[in-house]
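The values are calculated or read from the model by the stated rules, or taken from the named source; none is laboratory data. It should be emphasised that the depicted structure is a prediction, and the values quoted were computed from it without experimental measurement. Every residue, glycine as well, gets a Cβ built from its backbone with ideal geometry; the counts of neighbours run over all protein chains shown. Please note that ligands, DNA and RNA were not included when accessible areas were found on the heavy atoms of the full protein model with its side chains. Shrake-Rupley method; radii C 1.70, N 1.55, O 1.52, S 1.80 Å.
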Amino acid sequence: MRQKPTAEKLTARERIRRIAEIWFLREPLLFGIWMTHQLVASPHLQTIRVNHGQIEYNPCFIDALNPRELEQTLQFEATRILLRHPYSRRKQNAEQSYLASNITLQEYLHSSLPFPHAQDYFGDSAFNQQYFEFYYNKLEELSDTAHAAAWSKPAASSGNTPSSSTGDRE
């Protein structure tokens, strides 16, 4: 009696490699960009990131993605490299830079990944399909406004000012 061949589970690296191989024919630009970076398993990361010529990924995160999610995730990272977000366009505030990059990529790639669209984040369609620096600057403005509001509330309600609320006494 013939046994069915068992489907061998691919490692995270093998799954990524297969998508890159498909890109060789179907998406040569993404393939070319992808091949400029070294792929490194980094279990200490939560997800995936591009950093200093490396694409670092958490194997458990990759394993949890279905094939479509994995391809879209890799497409996000390859496009991030292409647009130079983590390199020549890197900004001082890394968290806001990453969010601005994700919004920019979502605006143009329209993935099913759980990244925000500009209108969802900013509440206005005038922010749709802008560029990375635009989103970064808007996020900085929102942060500055929130920071100013946070400092003005305690000062107005308790008499504390930013300098007197640090615990230093004169």
- Note on the structure: Taking 97-107, 48-58 and ranking on average Cβ neighbours within 10 Å, highest first, one gets 97-107, 48-58
- Each residue of segment 16-33 in order: what ³J(HN,Hα) in whole Hz does its phi give by Karplus 6.51 cos²θ - 1.76 cosθ + 1.60, θ = phi - 60°, with x for Gly and Pro? 5, 4, 4, 5, 4, 5, 5, 4, 3, 9, 8, 9, x, 5, 4, 4, x, 5
- Query: Among residues other than E140 whose Cβ falls under 13 Å from its Cβ, what is the net charge (Lys/Arg +1, Asp/Glu -1)?
  - Reply: -2
- How many angstrom separate the Cα center of segment 101-121 from the Cα center of segment 7-27? 24 Å
- Using the per-residue mean of other Cβ atoms lying within 10 Å as a proxy for protection, in what order, highest first, do the peptides 21-29, 8-16 fall? 8-16, 21-29
- Pull up all non-local amide H partners of I55: gap of 5 or more, or a different chain, and H-to-H distance under 5 Å with H placed in the peptide plane. Q38, L39, V40
- Message: Is the C-alpha gyration tensor of segment 20-98 telling us rounded, prolate or oblate? Criteria: a/c under 1.5 is rounded; beyond that, a/b larger than b/c is prolate, otherwise oblate.
- Response: oblate
- Task: Please list L139, L39 in order of solvent-accessible area, largest first, computed with a 1.4 Å probe with all protein chains present.
- Result: L39, L139
